[in-house]
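Before any comments, here is the structure.
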Amino acid sequence: MSIQNKMGAAAAAALVTLAPLSAFAQTVAAAATNDNDIKMAAALGAGLAIGIGVFGGTFAQGKAAAAALEGISRNPGAAGRIQTPMILGLALIESLVLLAFVIAFFLRNLAAGG
């Protein structure tokens, strides 16, 4: 492929990619007065906060429990020494999930206009 063909293909790709952006352009005054965009972003942020928080917390709790059970199965005599840090770790992981829930609740109230 020659240089001219590559440049033409790159220009066409840039035009196709960047042309739709002008449809979303707003003036500064219109962007500042549009409360629906803020409410929509807050609602989307609330959903993402709780979704990602719960997914990450569930994954981490599963990994922590699996590692603790693997350690107990290798050395049953150490079950008491493994169980306490595991429960503490699970409680800290769950506190982060609850924090994501609280943030999502505040963002939901922001989206509702309160």
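The values are calculated or read from the model by the stated rules, or taken from the named source; none is laboratory data. What you are looking at is a predicted structure, and each value in this text was computed from that prediction instead of being measured. Positions of Cβ are backbone-derived with ideal geometry, glycine not excepted, and every protein chain shown enters the neighbour counts.
Numbers below:
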item: Residue count for segment 64-99, restricted to those that are touching a residue at least 24 places away in the same chain (Cβ under 8 Å) and over 30 Å from Leu48 (Cβ atoms); result: 0
item: Unmet criterion (only one of (1) modelled with pLDDT under 70; (2) within 24 Å of Ala104 (Cα to Cα)) for Leu18; result: (2)
item: Subset tally (residues that are small (Gly, Ala, Ser), modelled with pLDDT of 85 or more and closer than 25 Å to Lys39 by Cβ) for segment 85-113; result: 1
item: Positions within segment 32-85 being within 13 Å of the chain's Cα centre (by Cα) and among the small types (Gly, Ala, Ser), in sequence order; result: Gly45, Ala46, Gly47, Ala49, Gly51, Gly53, Gly56, Gly57
item: Ala46 vs. criteria more than 13 Å from Phe101 (Cα to Cα), touching a residue at least 60 places away in the same chain (Cβ under 8 Å), out of contact with any Pro (no Cβ under 6 Å at 6 or more places or on another chain) and surrounded by 14 or more Cβ atoms within 10 Å (Cβ to Cβ); result: no
